[in-house]
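Trainee: Please see the structure below; I have some questions.
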Amino acid sequence: MLCIFCLKDRPPSEEHVFPEAIGGILTIDRVCLTCNNLLNERADRGLIQYPTVKVLRAQKGIPDKRGNTLDPFSDIFGTGTIIDDERTGQRVVARLDPLTNKRTLKLIPHRTEKVGPDGSKEFEYKIDAGDEDKIPLIIQRERKRLGRPELSPSALDDAVSKVLARSRRVIENPLVYHQMALRFTDPRRGILKIAYELAWYWLGDDYLDDEGAQQLRQVILSNEPIDDPRLPKIRGITSAGEVVPGLVLWNHVPNVHLGLMKHFKNQVGVGIRVFQALSAVVGVSEESARYGRLGERNFLGSFMKLDPVSRTFTESSLSDAVLDLCSDSRTRRA
Ligand SMILES: [Zn+2]
């Protein structure tokens, strides 16, 4: 097959137009494996790691390529610190228990070293009660560090029971302080990739030698920062805040991904919405006359909706999609 990115004849691979990690069930088979891997790294990653997208991925429990879902506590908030009377500053990892849907806490093992007045050394470990089975390992490791021989099984048992006899603290309803550091990745390349693939999806192979297509490929595959002045300027807007005009009609349909294509005079634009976190209108062509059938087949453009939770995909003409909205609003009023 002819790869729509490198334009070489290569074996196909499965490419998700909207990344798999956001539940993008629409796939195409016209991207080679080399380009597919490059797209994951340069385009998709910035989009799926974008903080508000990440929060929605976690909230909706959408599995990634490996079938893993994000944990809102450990993957987004990271580790926390228990705030207690003793102000020990003990670090904890918070996770969501998938069975009970409740937060669980686990102490991160903490080792301190004290040197007594006589020069003797003492180690103190704080570990989670759930990690008790690791005590024998810890004892043997510390002995090794000090150049002492390993304990025999019975001596080790004695040592473990001594440790277990020591103090335990139970903290009821611990208050945990989380410091959240958001790293704002740039989702724009990921958005442009979706726009390019949708343009090809709707316009067909004729699109591949459109000047707009050439420019998009250059920007999407480049390793340079997206603002690099040597890269072509792509017309359009991307918003991580308010939904861009043209897609606001669907504001009452949350949590789905949208794609649409519309032409106006010689311009062809593709609109994209990822959940409601990101939206964009991208100018994909300034040669709409090349696509006679654009006017014939879907007089009012093209539209698709992907529901990442129910994993459904619907496609229609843009005019039908707008009509659907009108009947929706009639139903809601009734
Ligand atoms: Zn390729």
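Trainee: Loop-only trypsin sites (Lys or Arg not before Pro) in the range 217-254, please: DSSP not H, G, I, E or B, and at most 16 other Cβ atoms within 10 Å.
Mentor: In loop regions of the range 217-254 (DSSP not H, G, I, E or B), the sparsely surrounded trypsin sites (Lys or Arg not before Pro) are 230, 233, 235.
Trainee: DSSP loop GluC sites (Glu not before Pro) in the range 204-296 with at most 12 other Cβ atoms within 10 Å of their Cβ, which ones?
Mentor: Sites meeting the loop and neighbour criteria: 242.
Trainee: Another question about this same structure. Take the Cβ-Cβ distance between residue 132 and residue 14 as r, set R0 to 51 Å, and report the resulting FRET efficiency rounded to the nearest 0.05.
Mentor: Result of the calculation: an efficiency of 0.65.
Trainee: For the range 42-143, run through the GluC sites (Glu not before Pro) and keep only the ones in DSSP coil with at most 13 other Cβ atoms within 10 Å of their Cβ.
Mentor: 86
Trainee: Skipping prolines and chain starts, which residues have an amide H placed within reach, meaning under 5 Å, of the one on residue 267, given they are 5 or more residues away or on another chain?
Mentor: 288
Trainee: At 7 Å along Cα-to-Cβ for each site, give me the label-to-label distance between residue 211 and residue 141 in nm.
Mentor: Inter-label distance under the simple model: 6.3 nm.
Trainee: Would you please calculate the Kirkwood hydrodynamic radius of the range 1-159 over all C-alpha pairs and express it in Å, rounded to one decimal?
Mentor: 20.5
Trainee: Here's another thing I want to ask about it. Taking the alpha-carbon centroid of each part, what is the distance from the range 36-97 to the range 186-254 in angstrom?
Mentor: Between the Cα centre of the range 36-97 and that of the range 186-254, the gap is 27 Å.
Trainee: With label points built 7 Å along Cα→Cβ from the Cα atoms of residue 317 and residue 27, find their separation and express it in nm.
Mentor: Rounded to a tenth, the inter-label distance reads 3.1 nm.
Trainee: Taking N as the number of residues in the chain, what is its alpha-carbon radius of gyration divided by 2.2 N^0.38 Å?
Mentor: Relative to the rule-of-thumb radius for its length, the chain sits at 1.38.
Trainee: Here's another thing I want to ask about it. Within 9 Å, Cβ to Cβ, of residue 220, how many net charges do the neighbouring residues add up to if Lys/Arg are +1 and Asp/Glu are -1?
Mentor: Neighbourhood net charge equals +4.
Trainee: Considering the options 127, 212, 159, tell which one lies farthest towards the positive end of the dipole of the chain, charges being +1 on Lys and Arg and -1 on Asp and Glu at the Cβ, about the Cα centre.
Mentor: 159
Trainee: Please give the length that would be gained between residue 240 and residue 34 if that part of the chain were fully extended, namely 0.36 nm times their separation in residues minus their C-alpha to C-alpha distance (nm, one decimal).
Mentor: 71.2 nm is the gain from fully extending residue 240 to residue 34.
Trainee: Something else about it: Just want the ordering: 248, 115, 253, from fewest to most Cβ atoms lying within 10 Å of their own Cβ.
Mentor: Final ranking by Cβ density, sparse to dense: 115, 248, 253.
Trainee: If neighbour count is taken as other Cβ atoms inside 10 Å, put 288, 327, 167, 302 in order from fewest to most.
Mentor: Ordered by Cβ neighbours within 10 Å, fewest first: 167, 327, 288, 302.
Trainee: Using the beta-carbon distance between residue 165 and residue 66 and R0 = 41 Å, what value does 1/(1 + (r/R0)^6) give for FRET efficiency, to the nearest 0.05?
Mentor: 0.45
Trainee: Based on the alpha carbon coordinates of the range 79-178, what radius of gyration and maximum Cα-Cα distance (Dmax) apply, in Å?
Mentor: 16.2, 52
None of the figures in this text is laboratory data; all of them are computed from the coordinates on show. Only a predicted model underlies this, so the values are computations on that prediction, with no experimental measurement involved. Cβ: placed from backbone, ideal geometry, glycine included. Neighbour counts: every protein chain shown.
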